[in-house]
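Scroll down for the structure; my scribbles are underneath it.
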Amino acid sequence: MIKRKLKYFIYPSFAFLALFLFFAFGRKPPEDKDLTNTVSVVRTIEAVAALGYLSPSGEIRMLAAPTSGLGGTPRIQRLFIEEGVEVKKGQVLAVFDNKSRILADLEISKARLEIIENNLRFQKREISRYEESVSQGASPQILLDEKNDILIQILGKKKEILAEIKGLEVELFDSQLRSPIDGTILKINVREGERSGLEGVLEIGSNHKMEALIEVYESDIDRVSLGQKVSLISENGGFDGTLDGEVRQISPQIRQRRVLATDPTGDADARIVEVRIRLDSSSSIKVKSFTGMKVIAKFEPR
């Protein structure tokens, strides 16, 4: 009776133990999907930001004073403009102090020309009279030849004085500084009573269209391309809102930067590439009087 009871107890125990060992050691552990599956990492393209300044997209001219025969330059007698003023092509911007002297010389030369003209009329009448006298045999031919020689000399003097007057008229024109283009006065280097040096009298820019010259670090230039959209803001609050434009030119030359950040010691030796940004019409009109203003440009990722 006892053996029969042990039999019913032992058999279920062995069955339970076998079942436990099967589940504990017989099954493979589940695979770790995080380890077997490939994880794709997407790199986010960051926008490029850089410093620069506004500039006319047209030409910038440095206007100089005329030079005299001795290599000197006249003084500014009167200025008719100030910085930031818009001017038209041919408009008189300044007058030099040599104008009064040139006017006086021109008046003298014209008076001499009038005397020469009178001498010519007289000499021609003399020749006409001697031609008639020689034809009648009343005067020798040699006298008529002398009169013709005098006429040739007077004609030579007339040519000289006409050339002198022409030269003075050119000097008179140059005694007034005129604008060669429609534009805006960017900088005045000399004032009334002063002589100009190598920097010229003033600078004028054709700013009917504006652009931005942006200095992009050489490490970021691979993320800048032609036609790329760019937004710009004023670094120091010189204008409100944002300017819009696009990249029109990327310089092939790497050089040191000229536009320094707030901390110039940190990037004075940085290597940059100059990128020109063409502003759209509304942005260009908004900042046409802000040549040289510092801006911060953000190049939109492509």
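So the values come out like this:
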| read-out | value |
| --- | --- |
| Some residue of the stretch 112-134 being under 30 Å from Ser55 (Cβ atoms), of a type in the set (S, T, N, Q) and either part of a helix (DSSP H, G or I) or modelled with pLDDT of 95 or more (or both) | no |
| Matching entry among Ser206, Ser283 (being within 17 Å of the chain's Cα centre (by Cα) and small (Gly, Ala, Ser)) | Ser206 |
| Among (1) at pLDDT 90 or above; (2) on the phi < 0 side of the Ramachandran plot; (3) in a loop (DSSP other than H, G, I, E, B) - the single one Arg43 does not satisfy | (1) |
| Matching residues in the stretch 152-177 - criterion: being out of contact with any Lys or Arg (no Cβ under 8 Å at 6 or more places or on another chain) and either among the polar types (S, T, N, Q) or in contact (Cβ under 8 Å) with a residue 40 or more places away in the chain (or both) | Gln153, Lys157, Lys158, Leu162, Glu164, Leu168, Glu169, Glu171, Asp174, Leu177 |
| Flag if Phe122 is loosely packed, with under 14 Cβ neighbours inside 10 Å, within 30 Å of Asn207 (Cβ to Cβ) and among the aromatic types (Phe, Trp, Tyr) | no |
| Residue in the stretch 240-258 that is within 20 Å of the chain's Cα centre (by Cα), assigned to a loop (DSSP other than H, G, I, E, B) and loosely packed, with under 15 Cβ neighbours inside 10 Å present | yes |
| Boolean, Arg191 is touching a residue at least 12 places away in the same chain (Cβ under 8 Å) and out of contact with any Lys or Arg (no Cβ under 9 Å at 6 or more places or on another chain) | yes |
| Some residue of the stretch 255-271 being of a type in the set (S, T, N, Q) and modelled with pLDDT of 85 or more | yes |
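Residue by residue, here is whether (1) closer than 30 Å to Ser289 by Cα; (2) surrounded by 11 or more Cβ atoms within 10 Å (Cβ to Cβ); (3) modelled with pLDDT of 90 or more holds:
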site: Pro30; (1), (2), (3): no, no, no
site: Thr36; (1), (2), (3): no, no, no
site: Ala50; (1), (2), (3): yes, yes, yes
site: Glu59; (1), (2), (3): yes, yes, no
site: Met62; (1), (2), (3): yes, yes, yes
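The values are calculated or read from the model by the stated rules, or taken from the named source; none is laboratory data. Everything quoted here is computed from the prediction, not taken from an experiment. Note: ideal-geometry Cβ built from the backbone for every residue, glycine included; neighbour counts use all protein chains shown.
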